[in-house]
Amino acid sequence: QVQLVQSGGGLVQAGGSLRLSCAASGDAAGISAMGWYRQAPGKRREMVARLIVSGVRLYGDFVKGRFTVSGDLAKNTVYLQMNNLLPEDTAVYYCYGRVGDLDVWGQGTQVTVSS
């Protein structure tokens, strides 16, 4: 069983930066992708960024160069550096991992951006 433990997040003013971290534990040898999703109140969960084992990085359209996903899938770690945060970035952010044919999620962390 794989568990994702994430840290970071919090409250920041618009234009500020935050960094999220996530590490997988357990039987994580089959991880093929890790990344981040977010869910704002009343909205669907959406992809923020994803790091694939091939080295490809994918981003949601709203990122527009403000966020950077990094990490090492061999070490089962992923990070999200968020710069120039906007109030509309306020949401619960979830770490994501693809293990075999299973999607695994972290516990979620609140990111609040004040205007």
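The values are calculated or read from the model by the stated rules, or taken from the named source; none is laboratory data. Keep in mind that this is a model prediction, so the values were computed, not measured. The area values use the complete protein model at the heavy-atom level, side chains included, leaving out ligands, DNA and RNA. Shrake-Rupley method; radii C 1.70, N 1.55, O 1.52, S 1.80 Å.
Can you give the extra length, in nm with one decimal, that the chain gains between S25 and E88 once fully stretched, where that is 0.36 nm per residue apart less the Cα-Cα distance?
Roughly 19.5 nm would be gained on extension.
Work out, step by step, the length gained on full extension between E46 and T77: first 0.36 nm times the residue separation, then minus their alpha carbon distance; give nm to one decimal.
Fully extending the segment from E46 to T77 adds 9.1 nm.
What does DSSP give for the chain in terms of the percent of beta bridges that are antiparallel, rounded to the nearest 5?
Antiparallel bridges: around 90 percent, rounded to the nearest 5.
Keeping all protein chains in place, calculate the accessible area per residue for the chain (probe 1.4 angstrom), answer in Å².
Solvent-accessible surface per residue comes out at 52 Å².
What ³J(HN,Hα) values, in whole Hz, does the Karplus curve 6.51 cos²θ - 1.76 cosθ + 1.60 give for the stretch 34-40 when θ = phi - 60°, with x put for Gly and Pro?
Each residue of the stretch 34-40 in turn: 9, x, 9, 10, 9, 9, 8 Hz.
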